[in-house]
1. With +1 on each Lys and Arg Cβ and -1 on each Asp and Glu Cβ, and nothing else charged, work out how big the dipole of the chain is about its Cα centre, in Debye to the nearest 20.
2. Provide the per residue accessible area, probe 1.4 Å, for segment 10-92, rounded to a whole number of square angstrom.
3. Heavy atoms only, 1.4 Å probe, whole protein assembly: order PHE83, PHE51 by accessible area, highest first.
4. Over the chain, what is the relative contact order in percent, taking alpha-carbon pairs closer than 8 angstrom and at least six residues apart?
5. Using only Cα atoms, find the angle between the long axis of helix 51-71 and the longest principal axis of the chain, and express it within 0 to 90 degrees, rounded to the nearest 10.
6. Which percent of the accessible area of the chain is formed by carbon and sulfur heavy atoms (probe 1.4 angstrom)?
7. Helix 100-114 against the longest principal axis of the chain: what's the angle in degrees, Cα atoms only, rounded to the nearest 10?
8. Please label the shape of segment 18-70 as rounded, prolate or oblate, based on the square roots a ≥ b ≥ c of the eigenvalues of the alpha-carbon gyration tensor (a/c under 1.5 means rounded; beyond that, a/b larger than b/c means prolate, else oblate).
Amino acid sequence: MPKRGTASSDHEVIQPTNDLRRKVREVPLRSPDDDPVRRAEAALNALSRHFEDWMEAEVSLVAESRDRWAAAGLSAGEPREAFFRAVHDVKGQATTLGYPLAARAAASLCLLIERTSPEAPPPLALIDSHVEGIRAIFREGARDPADRVGSALVEALDRITAAHVAEHGLPEPDDGPSPF
């Protein structure tokens, strides 16, 4: 039963009892040799056997969805959204899958799509440069972020994206004042 708190003529504050022991379950003690970080690394190592296949599937999906969007005339709508989702997935997953340069190329392409009006899409050649860059990074196994050729490719994609967005892009979204 809640405890009665302070009272006033216009309100009453009720403070509920809070017995945390009833809300928390006990976890049995683990062996001192148990290392959760080591267990997580072992699990990641076991999964890593599949990283190459997963990355290949992601890169293929980017190329396929690009083809569908191009076939739709780069128009606004589902093909554009599907392409963006595929590229965004590579942006988010490629580093974990061992391809940080592909993640950077995908980030550049995401920026290009986000900052370009659906009614006035970027040139297909610029889109293709990004898609082919992502495919080349994967095909050539450019896993090291310091890879000379891969880094130069990503830097070039970043430059041409920045130039296109500066000239033809939408203004940066204003997210409003910071809540902090």
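The values are calculated or read from the model by the stated rules, or taken from the named source; none is laboratory data. Note that the structure is a prediction, hence the values are computed from the model and not measured. Cβ atoms come from the backbone with ideal geometry, glycine included; neighbour counts cover every protein chain shown. Accessible surface is based on the protein model in full, side chains and every heavy atom, while ligands, DNA and RNA are left aside. Shrake-Rupley method; radii C 1.70, N 1.55, O 1.52, S 1.80 Å.
1. Dipole of the chain, to the nearest 20 debye: 760 debye.
2. 77 Å²
3. Ranked list, largest accessible area first: PHE51, PHE83.
4. About 17 percent, as a whole number.
5. 60 degrees
6. Carbon and sulfur atoms account for 55 percent of the accessible area of the chain.
7. The answer is roughly 90 degrees.
8. Oblate.
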